[in-house]
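Read the structure below first, then the notes.
Readers should treat all values here as calculations from the given coordinates under stated rules, not as data from a laboratory. Everything quoted here is computed from the prediction, not taken from an experiment. All Cβ positions, glycine included, derive from the backbone under ideal geometry; neighbour counts span all protein chains shown.
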Amino acid sequence: MSERTVITFGTFDVFHVGHVRILQRAAELGDRLVVGVSADALNIRKKGRAPVFTQEERLEIVSSLGVVDEVFVEESLELKGDYIRKFGADVLAMGDDWKGRFDEFAELCEVVYFPRTPSVSTTALIEHIASNS
Ligand code: C2G
């Protein structure tokens, strides 16, 4: 049987346990995990601020994980279909904060949403650190 490729996307800024868990769960769905790490420019465009860590740093962190086989820079949210085809993904896995948003890709691959890890987020961590400094 051929290798089953899983793809997922995220910013993975101020890397935390919620990020670890979704990457582990995504990896369990197949044999090869490919991760699109959002570009700094994409974050500035969509969220109005740069991530704490640069895209090179975030790529280095994510690619150092044993469950991750390949990383690339996600330049635009609108290119998901192209990335799915380019990497030959059989499954797209995302946290359920994106639930329903990627259902259109079901014609290209299986689409799976995992429950988010409760009580942890990059935004909450940044606010926590700022309020304690
Ligand atoms: N996540 C999670 N639990 C948390 C926080 C995040 O399961 N407590 C998951 C998210 O659901 C997402 C992944 O971790 O699937 C990465 O989260 P973010 O870094 O916040 O990524 P985001 O900015 O949502 O992705 O195409 C998507 C873009 O790249 C943006």
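In the neighborhood of Ser63, defined by Cβ-to-Cβ distances under 10 Å, what is the net charge if each Lys or Arg adds +1 and each Asp or Glu adds -1?
Working: positive: Arg58; negative: Glu60, Asp69, Glu70.
My count for the surroundings of Ser63 gives -2.
On the first, second and third principal axes, largest extent first, how far apart are the outermost C-alpha atoms of the range 87-133 in Å?
Extents along the principal axes: 48, 20, 14 Å.
Residues with beta-carbon under 15 Å from that of Phe87, excluding Phe87: net charge, scoring Lys, Arg +1 and Asp, Glu -1?
On the way: positive: Arg4, Arg32, Lys80, Arg85, Lys86; negative: Glu3, Asp31, Asp69, Glu70, Glu74, Glu75, Asp82, Asp90, Glu110.
Within the 15 Å Cβ shell, the charges total -4.
With only alpha-carbon atoms in the gyration tensor, what are the semi-axes of the equivalent ellipsoid for the chain, in Å, largest first? Kindly include the intermediate steps, with their values, before the conclusion.
On the way: eigenvalues 123, 49, 42 Å².
Equivalent ellipsoid semi-axes, largest first: 25, 16, 15 Å.
How big is the shadow of the Cα convex hull of the range 25-87, averaged over all directions, in nm²? Could the numbers behind the result be given before it?
On the way: hull surface 18.6 nm².
Its average projected convex-hull area is 4.6 nm².
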